[in-house]
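Peer 1: Input: one structure, supplied below.
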């Protein structure tokens, strides 16, 4: 089946650091990738939709200058949390799908902890 | 607007007994519906999906779900729970039209506990 790899699985860093998270589709070409944030014991909140070769579409309330998304190829999207602060600590999950296809395939998530 | 309601935040069953996780949806169109499972500190794994074909959908690990349009429900069932089924389960509907085509709308999740 379709596999999505997310790296790193866990990051612990100091406040003010920028952190990059990678999301790769290993065995299919993902025209669209999605980035979610999940708070403890909560459901997933869509942050942005990333289409290959174009600018990401951010959901209302998500700061695009804070959460930089790049989808440079059909198999890779990156999320960079710039100048991270403790309130950015969360579980970030990416997903990917082919154009017009369902379902979305999810990565294993990245636990981000900002000290 | 589309929405998903998972009626139980927590369900506890004994190993070997049936599992029922309830989900109701609201959609203006013929929806695509999914059940995903999430184990602790992991991403989401697709259990099964409904995309307007057979109303009874069989998934992995013995799970199945029935799409009932008249009841706007898509409940997840399994005849016999296993300890490894303990996890968080999300019922999800996919938006089908317009600029947000393909976006997923998640229920709040149901935590399934399985007692020995």
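Please treat every number below as a calculation from the coordinates, not as lab data. Predicted model, so just to flag it, every value in this text is computed and none were measured. Cβ sites come from the backbone with ideal geometry, for glycine too, and all protein chains shown count toward neighbours.
Peer 1: Filter segment B:12-50 for residues that are under 24 Å from residue B:79 (Cβ atoms) and surrounded by fewer than 18 Cβ atoms within 10 Å (Cβ to Cβ) and give the result.
Peer 2: Those that are under 24 Å from residue B:79 (Cβ atoms) and surrounded by fewer than 18 Cβ atoms within 10 Å (Cβ to Cβ): B:12, B:14, B:15, B:16, B:17, B:18, B:20, B:22, B:24, B:39, B:45.
Peer 1: Right, next: Checking residue A:69 against (1) away from chain B (no Cβ under 11 Å); (2) free of Cβ contacts under 8 Å to residues at least 12 places away in the same chain, only one condition comes out false. Which one?
Peer 2: (2)
Peer 1: Here's something else I'd like to know. Going through segment A:100-115 one residue at a time, which ones are out of contact with any strand residue (DSSP E or B) (no Cβ under 6 Å at 6 or more places or on another chain) and either more than 9 Å from chain B (Cβ to nearest Cβ) or within 10 Å of residue B:43 (Cα to Cα) (or both)?
Peer 2: As a first pass, look at segment A:100-115 and keep what is out of contact with any strand residue (DSSP E or B) (no Cβ under 6 Å at 6 or more places or on another chain): A:100-101, A:114-115.
Correct list: A:114, A:115.
Peer 1: Could you grab me the full set of residues in segment B:29-44 that are assigned to a strand (DSSP E or B) and at the interface with chain A (Cβ under 7 Å from one of its Cβ atoms)?
Peer 2: B:32, B:34, B:44
Peer 1: Going through B:57, B:13, B:4 one at a time, which residue ends up being touching a helix residue (DSSP H, G or I) at 6+ places or on another chain (Cβ under 9 Å) and in a strand (DSSP E or B)?
Peer 2: B:13
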